[in-house]
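The values are calculated or read from the model by the stated rules, or taken from the named source; none is laboratory data. Just so we're clear, the structure is a prediction, and the values are computed from it rather than from any experiment. Cβ atoms come from the backbone with ideal geometry, glycine included; neighbour counts cover every protein chain shown. Heavy atoms of the whole protein, side chains included, go into the accessibility calculation; ligands, DNA and RNA do not. Shrake-Rupley method; radii C 1.70, N 1.55, O 1.52, S 1.80 Å.
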Amino acid sequence: MSTLQSADTVFAFDNSYARLPDRFSAKLSPSPVPAPRLIRLNDGLARHLGLDPDELSSPEGVEIFAGNRLPDGAEPLAMAYAGHQFGTWVPQLGDGRAILLGEVIDRDGVRRDIQLKGAGRTPFSRRGDGRAVLGPVLREYVVSEAMAALGVPTTRALAAVTTGERIQRERAFPGAILTRVARSHVRVGTFQFFAARGDVEALRLLCDHVIARHYPEAARSDRPPRALLEAVVARQAELVARWQLIGFIHGVMNTDNMSIAGETIDYGPCAFMDTYHPDTVYSSIDQWGRYAYANQPRIAHWNLAVLAQALLSLLGESEDDAVREAEAAIGTFPGLFEAAYLAGLRAKIGLLEQREGDMALAQDLLECMAENGADFTLTFRRLCDAAAADPGSDEQVRTLFDDPEAFDAWAVRWRQRLTQEPVGDAERRDAMRAVNPAVIPRNHLVEEIIAAAVDGEDFSPFDDLMTALASPYEDWAGDARYCQPPRPEQVVRQTFCGT
Ligand code: AMP
Ligand code: MG
């Protein structure tokens, strides 16, 4: 099938998804590109995957990332899936421009997919060209790696290459390919694909596959599909709480973009909030704000209900039984989310103990931030130092609020609450700094590095930003721009998926 030359570079592939029946995927090779060039290789991740960074950055390695050469043992395929896009059912989506090369086991014993995104047309491409352009590839590289550094479960970026092609979008852009690494690429939409076709056998196989891969403890349950559903619900509750706590807006929480493994996946028009407001939406295609910041938990819950629906045939003997099982599992989401979110909010404002009224205290700060146009990331980061200082030194925080006195009023209540805490100021500050990042991939910074790369073929701003994002919880000693909100003229109000 493959007309590509195979390569000597060593990937210890063991491809469990490729062993599933034919209807799970379309087996095909990437389409070659004319002139690949390496933009960046993630050395640390390569080593973690048991790969040799020197080999990978050699011309032969670059040919692999471009889809021009297949490493030995690769069994390239495009996965089939369906999904709800903005609430509308689409019975067939699938990898229209992504090709899974195979799976390797990393240094921690975790199985990881290695996928080329932008590798050419597949049977699932519909009207698309199967390609990716440079801007979105860089955005995904930057934001997914930033999320990893922030400690949020996410797919990773192993490499990015340009292809030497010009790809037509609103105008012609340089073509690029991202090598994405994931615990798996199985989505809610993968289950939907088979459920919609009434293919119970495939559902069972898919269930066994993800249980073996991600939730082995569910295999020991007396009802593995129910245990699987509960485990996915728990991971998503945890994940979305993490998003809320760092001001991350995914932007396209369609069911085909929700990972069964609980990783953040598919970085399209995603964005980190600058000024805090719960209704914030950046995505140009999200006209009704379905995926606004504050809606993310509700949407995750909705997506999980869709997963439960897809699993119904496996959940009980009778339909009533299955529905009861599904509802019980899905019903755990709000409580799990609230608990994770509240625990995170407590930590963000320096509370180690649990007291009644903590949620209200934190919510009042958020409300005050929303009313006063305060920067989300900077408010919490500066609060870390304020926690260790006397009230006279709140200046750094209060200036972030349109009406600084609104913050003062909240700070009085906050300090009162802090007196009930058993730890000293310095210890509290350190604990707060470990959860309130100083450096995030702000939209204007991401736009800047994209413009430099696309318009000026200059990748050094991208590399510099990657360096700053590598240790987000430390004060960045270099260029202070990386820790600053945008100036008014730099504010980015809309993001585009650019597919
Ligand atoms: P996304 O918005 O990236 O989650 O993609 C939604 C669907 O559109 C998936 O089935 C993708 O594979 C497909 N798709 C997106 N961009 C392209 C493209 N350039 N060519 C072919 N298919 C695409
Ligand atoms: Mg997608």
*What is the Cα centroid distance between the range 314-390 and the range 236-265, reported in whole angstrom?*
15
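With a 1.4 Å probe and all protein chains left in place, how much accessible area per residue does the range 5-182 have, in Å²? Don't skip to the end; give the middle numbers.
On the way: 6380 Å² over 178 residues.
Accessible area per residue, the range 5-182: 36 Å².
Using only the Cα atoms, what convex hull volume per residue in Å³ does the chain have?
Details: hull volume 75.7 nm³, N = 499.
In the chain, the Cα convex hull volume per residue is 152 Å³.
Looking at the range 208-266, which trypsin sites (Lys or Arg not before Pro) are in a loop (DSSP not H, G, I, E or B) and have at most 14 other Cβ atoms within 10 Å?
Values: sites: R213, R220, R226, R235, R242; in loops: R220.
Counting only loop positions with at most 14 other Cβ atoms within 10 Å, the trypsin sites (Lys or Arg not before Pro) in the range 208-266 are R220.
Of all GluC sites (Glu not before Pro) in the range 129-170, which ones are in loop regions per DSSP and have a Cβ with at most 11 other Cβ atoms within 10 Å?
Working: sites: E140, E145, E165, E170; in loops: E170.
When the GluC sites (Glu not before Pro) of the range 129-170 are filtered for loop state and at most 11 Cβ neighbours within 10 Å, E170 remain.
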*asked:* Give the separation of the Cα centroids, the range 51-115 to the range 134-194, in Å.
replied: 10
_Once you keep just the Cα pairs under 8 angstrom separated by 6 or more residues, what percentage relative contact order results for the chain?_
14
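Take each complete run of DSSP H in the chain, measure how far its Cα atoms stretch along the helix's own axis, and keep only those covering 30 Å or more with mean Kyte-Doolittle hydropathy at least -1.0; list them.
Counting only whole DSSP H runs, the qualifying helices are 224-246.
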_Calculated diffusion of the range 5-182, Stokes-Einstein form, Kirkwood radius summed over Cα pairs, 25 °C and 0.890 mPa s, µm²/s_ = 149
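So what's the convex hull volume per residue for the Cα atoms of the range 372-485, in Å³? Intermediate results must be reported in sequence, preceding the final value.
Working: hull volume 11.4 nm³, N = 114.
Convex hull of Cα atoms, per residue: 100 Å³.
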*asked:* Out of the total accessible area of the range 265-395 (probe 1.4 Å, heavy atoms of protein only), what percent is carbon and sulfur?
replied: 51
*Among N443, T399, S471, which residue has its Cα positioned farthest towards the positive end of the charge dipole of the range 380-499, with +1 placed on the Cβ of Lys and Arg, -1 on the Cβ of Asp and Glu, and the dipole taken about the Cα centre?*
T399
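Report, in deg cm²/dmol and to the nearest 500, the calculated mean residue ellipticity at 222 nm for the chain, where each DSSP H run with n ≥ 4 adds -39500 (n - 2.57) and the sum is divided by the residue count.
Values: 18 runs with 212 residues, N = 499.
That comes out to -13000 deg cm²/dmol.
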_Percent of Cα-Cα pairs more than 17 Å apart in the range 1-96, please._
61
*Return the distance in nm (one decimal) between the two label points of a simple spin-label model at R493 and D199, each offset 7 Å from Cα along Cα→Cβ.*
4.5
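Arrange the peptides 248-254, 184-190 so that the one whose residues have, on average, the most other Cβ atoms within 10 Å appears first. Please report the intermediate quantities before stating the final value.
Details: 248-254: 23.6, 184-190: 25.9.
With the highest mean Cβ count within 10 Å placed first, the list reads 184-190, 248-254.
Assuming 0.36 nm per residue, please report the length gained on full extension of the stretch Q363 to D72 beyond their Cα-Cα distance.
On the way: separation 291, 0.36 × 291 = 104.76 nm, distance 5.40 nm.
So the chain would gain 99.4 nm between Q363 and D72.
Within the range 263-350, which chymotrypsin sites (Phe, Trp or Tyr not before Pro) sit in a loop by DSSP and count at most 15 neighbouring Cβ atoms inside 10 Å?
On the way: sites: Y267, F272, Y276, Y282, W288, Y291, Y293, W302, F337, Y341; in loops: Y267, Y276, Y282, W288, Y291.
For chymotrypsin sites (Phe, Trp or Tyr not before Pro) across the range 263-350 that sit outside H, G, I, E and B with at most 15 neighbouring Cβ atoms in 10 Å, the list reads W288.
Using 0.36 nm times the number of residues separating Q168 and E353, minus their current alpha carbon distance, what extension gain do you get?
On the way: separation 185, 0.36 × 185 = 66.60 nm, distance 5.53 nm.
That pair, Q168 and E353, stretches by 61.1 nm at full extension.
Could you look at the range 5-182 and say what percent of its accessible area is carbon and sulfur, using a 1.4 Å probe and all protein chains? Working shown, then result.
Numbers: 3020 of 6380 Å².
The C+S portion of the solvent-accessible surface of the range 5-182 is 47 percent.
Would you mind working out the accessible area per residue for the range 188-340, using a 1.4 Å probe, and quoting it in Å²? Working shown, then result.
Details: 5640 Å² over 153 residues.
For the range 188-340, the per-residue accessible area is 37 Å².
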*If you look at just the Cα atoms of the range 188-340, how large are its Rg and its Dmax in Å?*
15.9, 51
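Place the peptides 131-137, 490-496 in order of packing, highest mean first, counting for every residue the other Cβ atoms within 10 Å and averaging per peptide. If you can, show how the numbers build up before the last one.
Values: 131-137: 24.4, 490-496: 15.6.
Ranked by mean Cβ neighbours within 10 Å, highest first: 131-137, 490-496.
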